[in-house]
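In what follows, a structure is listed as structure tokens, so that the remarks can point back to it.
The values are calculated or read from the model by the stated rules, or taken from the named source; none is laboratory data. Keep in mind that this is a model prediction, so the values were computed, not measured. Reconstructed Cβ throughout: ideal geometry from the backbone, glycine too, with neighbour counts over all protein chains shown.
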Ligand SMILES: Cc1cc2nc3c(=O)[nH]c(=O)nc-3n(C[C@H](O)[C@H](O)[C@H](O)COP(=O)(O)OP(=O)(O)OC[C@H]3O[C@@H](n4cnc5c(N)ncnc54)[C@H](O)[C@@H]3O)c2cc1C
Ligand SMILES: Nc1ncnc2c1ncn2[C@@H]1O[C@H](COP(=O)(O)O)[C@@H](O)[C@H]1O
């Protein structure tokens with residue numbers, strides 16, 4: 001019986017025009033949100049591990065009211081239950097505070113394995129998994145492209161820049177998975193109906209015993225001083241190939257001293 | 001002057017170029033000290049690029065396990081030396097080390113900086129390169145991971161005084177054991193994230209990268225690929241450019257048979273000059289280009305390759 005907790009984040013849609021709010025935090029109101037696409041891979045891996053043996057998948061998110069949508073999507077995919085940590089004091093938290101809230105929530109849950117996404121599609125730091133593991137004092141293997149569970153040993157393949165590694169860890173382990181682990185399933189009609197009956201717990205900071213002074217924008221260890229949209233690119237020259245497209249390309253390169 | 005710690009990235013003593021960039025950036029902030037994991041002679045290049053001090057840590061634990069032991073050792077050096085900043089290359093391993101060191105040292109963390117100023121303030125490129133953000137650390141010595149190509153390395157002799165450091169590594173740090181490691185074959189082309197010119201191919205190659213590679217070689221460029229090309233098994237994942245692959249910021253980027261999805265743009269939008277070759281004149285990639293050819297890459301690229309060879313003589 002493997003008890004898995006999957007951490008998923010509710011993020012602004014990457015294909016919309018993302019921007020910032022007046023307090024220099026990510027604008028989460030002006031743009032539609034969704035379950036981070038990269039966290040779908042985490043849900044998928046957890047479901048596959050449970051399907052290969054026996055177990056249970058709990059999805060955990062830290063986020064505002066709408067973040068419940070991310071949990072619902074994961075439940076529709078097949079996760080068993082959800083936990084939503086929602087507290088106004090969390091707004092503007094940095095990775096350290098987010099990892100603190102996640103770690104305290106995970107401590108309240110019974111687990112053998114934690115599965116995270118490789119990085120969120122908004123902040124995209126890719127450090128929350130490591131920080132949670134560091135706080136829980138358990139091993140972490142990040143950026144896994146393949147995960148197999150054998151008893152209480154987790155085997156992971158990781159494709160690094162200079163080498164492909166095989167890594168093993170025993171006991172309670174945290175893994176973060178890449179989009180190389182395999183396509184995530186779509187919720188089936190049956191899954192969508194079943195999700196309506198699944199249990200989602202709502203927790204606040206006081207349920208976790210986390211002090212509001214340890215989280216939020218005012219307590220972040222980093223701050224965004226300013227942001228600026230990228231200046232629009234000046235329209236380039238576009239030619240249609242009429243048998244001389246390659247020559248024109250080479251001429252452009254020469255004019256810019258690349259040749 | 002206060003020390004600025006630079007974590008060295010190397011394979012068997014061959015120091016990666018981004019480390020030299022970090023040493024160069026470190027000199028803006030204070031006195032560079034390199035942290036070198038490995039035995040034998042410390043590479044001379046570290047002193048040549050300004051390292052005043054080189055902490056050498058040689059222990060099997062650093063290579064037998066994932067980053068836990070390295071992070072513990074660096075945190076100890078941070079505690080002992082009270083640096084002005086800690087600079088780490090922005091790789092998967094680098095970010096993981098940075099996260100652990102920052103938490104252990106109760107220091108703020110900034111990842112993927114593309115520039116760092118003398119006061120430790122950083123510039124980042126976010127939302128698929130659509131915004132530039134200035135950020136700073138408000139607690140402790142800033143721990144900053146820096147992207148490749150953030151500055152041009154400048155040689156300046158430093159004292160390079162080697163100081164051997166031994167750290168007692170806790171068992172907790174040894175939780176993730178590396179049981180096998182297969183080095184990747186070198187492509188013979190420049191390293192993707194460091195290259196001045198990157199030529200990439202997508203689904204439009206139809207699986208045959210030969211035209212893309214020949215064109216790249218005529219320019220001495222690195223070759224990259226879109227996720228569609230990688231997912232189809234046409235090119236290895238380590239060459240993927242984009243949100244879940246590499247970020248490149250070369251002088252010149254040439255996208256061939258790539259439509260220009262937001263996730264792809266995330267990895268190349270900050271390139272200085274952008275060129276696209278695509279059959280579809282409405283492909284979104286054309287919104288980014290300085291120069292574009294609407295046409296079949298199978299015809300355009302070989303002709304361009306020939307012309308470049310002719311010009312180079
Ligand atoms: C979570 C997530 C993460 C992702 N991460 C990445 C990432 O890191 N990197 C990435 O690249 N993508 C990523 N993607 C995928 C991305 O959304 C696109 O699907 C992908 O970039 C498309 O690749 P492509 O442009 O090669 O293919 P397509 O979009 O299919 O475009 C192919 C193009 O080739 C042109 N073409 C066809 N034949 C020819 C020819 N003979 N000559 C010239 N042109 C031709 C077509 O006109 C078309 O524009 C990600 C997606 C998700 C959801
Ligand atoms: N607010 C959050 N709630 C739940 N999980 C999160 C949250 N933020 C980050 N994570 C997890 O941590 C991973 C990496 O996030 P990041 O470090 O922000 O790139 C994500 O893919 C999620 O699995």
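What number of residues within segment B:129-144 are within 20 Å of the chain's Cα centre (by Cα) and more than 7 Å from every other protein chain (Cβ to nearest Cβ)?
3
Being within 24 Å of the chain's Cα centre (by Cα), part of a loop (DSSP other than H, G, I, E, B) and more than 10 Å from residue B:225 (Cβ to Cβ) is the filter here; which residues of segment B:193-209 pass it?
Of everything in segment B:193-209, those that are within 24 Å of the chain's Cα centre (by Cα), part of a loop (DSSP other than H, G, I, E, B) and more than 10 Å from residue B:225 (Cβ to Cβ) turn out to be B:193, B:194, B:195, B:196.
Just the residues that are outside any loop (DSSP other than H, G, I, E, B) and at the interface with chain B (Cβ under 8 Å from one of its Cβ atoms), please, taken from segment A:114-144.
A:130, A:131, A:134, A:135, A:140, A:141, A:142, A:143
Looking only at segment B:1-26, which residues are out of contact with any strand residue (DSSP E or B) (no Cβ under 6 Å at 6 or more places or on another chain) and away from chain A (no Cβ under 14 Å)?
Correct list: B:2, B:20, B:21, B:24.
For segment A:158-209, which residues satisfy the criterion of being surrounded by 13 or more Cβ atoms within 10 Å (Cβ to Cβ), assigned to a loop (DSSP other than H, G, I, E, B) and within 11 Å of chain B (Cβ to nearest Cβ)?
Residues satisfying the conditions are A:160, A:161, A:162, A:172, A:178, A:182.
Can you find a residue that is touching a strand residue (DSSP E or B) at 6+ places or on another chain (Cβ under 7 Å), more than 30 Å from residue A:12 (Cα to Cα), assigned to a loop (DSSP other than H, G, I, E, B) and more than 11 Å from chain A (Cβ to nearest Cβ) anywhere in segment B:145-158? Explain how you work it out, then say what you get.
Taking segment B:145-158 first, the residues touching a strand residue (DSSP E or B) at 6+ places or on another chain (Cβ under 7 Å) are B:145-147, B:150, B:158.
Add one more test, that the residue is more than 30 Å from residue A:12 (Cα to Cα), and what stays is B:158.
Subset that is assigned to a loop (DSSP other than H, G, I, E, B): B:158.
Restricting the remaining residues to those that are more than 11 Å from chain A (Cβ to nearest Cβ) gives B:158.
So far as segment B:145-158 goes, yes, one or more of its residues are touching a strand residue (DSSP E or B) at 6+ places or on another chain (Cβ under 7 Å), more than 30 Å from residue A:12 (Cα to Cα), assigned to a loop (DSSP other than H, G, I, E, B) and more than 11 Å from chain A (Cβ to nearest Cβ).
Report the residue count in segment A:2-26 for those that are within 16 Å of residue A:79 (Cβ to Cβ) and more than 16 Å from ligand 2 (Cβ to nearest atom).
2
Yes or no, residue by residue, for (1) over 14 Å from residue B:143 (Cα atoms); (2) part of a helix (DSSP H, G or I); (3) at pLDDT below 95:
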residue: B:26; (1), (2), (3): no, yes, no
residue: B:50; (1), (2), (3): yes, no, no
residue: B:59; (1), (2), (3): yes, no, no
residue: B:62; (1), (2), (3): yes, yes, no
residue: B:79; (1), (2), (3): no, yes, no
residue: B:83; (1), (2), (3): no, no, no
residue: B:112; (1), (2), (3): no, no, yes
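Given B:223, B:162, B:212, which one is in a strand (DSSP E or B), more than 21 Å from the chain's Cα centre (by Cα) and more than 11 Å from every other protein chain (Cβ to nearest Cβ)?
Working: B:223 fails: more than 21 Å from the chain's Cα centre (by Cα); B:212 fails: in a strand (DSSP E or B).
Exactly one of B:223, B:162, B:212 is in a strand (DSSP E or B), more than 21 Å from the chain's Cα centre (by Cα) and more than 11 Å from every other protein chain (Cβ to nearest Cβ), namely B:162.
Please verify whether segment A:27-36 includes one or more residues that are away from every other protein chain (no Cβ under 14 Å) and within 11 Å of ligand 2 (Cβ to nearest atom).
Yes; the residues of segment A:27-36 include at least one that is away from every other protein chain (no Cβ under 14 Å) and within 11 Å of ligand 2 (Cβ to nearest atom).
Could you give every pair whose Cβ atoms fall below 6 Å, whose first residue belongs to segment B:189-217 and is in contact (Cβ under 8 Å) with a residue 60 or more places away in the chain and within 12 Å of residue B:250 (Cα to Cα), and whose second residue is away from ligand 1 (no atom under 15 Å from the Cβ) and assigned to a helix (DSSP H, G or I), counting only separations of at least 6 or pairs across chains?
B:194/B:17
If a residue must be under 17 Å from the mean Cα position of the chain (by Cα) and within 11 Å of ligand 1 (Cβ to nearest atom), how many such residues does segment B:228-247 contain? Please lay out each step first, then the result.
Narrowing segment B:228-247 to residues under 17 Å from the mean Cα position of the chain (by Cα): B:237-247.
Retained after the next criterion (residues that are within 11 Å of ligand 1 (Cβ to nearest atom)): B:237, B:239-247.
Residues in segment B:228-247 being under 17 Å from the mean Cα position of the chain (by Cα) and within 11 Å of ligand 1 (Cβ to nearest atom): 10 in total.
Go through (1) crowded, with 22+ Cβ neighbours inside 10 Å; (2) within 18 Å of the chain's Cα centre (by Cα); (3) free of Cβ contacts under 8 Å to residues at least 60 places away in the same chain for residue B:18 and report which single condition fails.
If we test residue B:18 against (1) crowded, with 22+ Cβ neighbours inside 10 Å; (2) within 18 Å of the chain's Cα centre (by Cα); (3) free of Cβ contacts under 8 Å to residues at least 60 places away in the same chain, just (3) comes out false.
Scan segment A:6-40 for residues that are modelled with pLDDT under 85, within 16 Å of ligand 1 (Cβ to nearest atom) and touching a helix residue (DSSP H, G or I) at 6+ places or on another chain (Cβ under 9 Å) and jot them down.
Residues satisfying the conditions are A:14, A:15.
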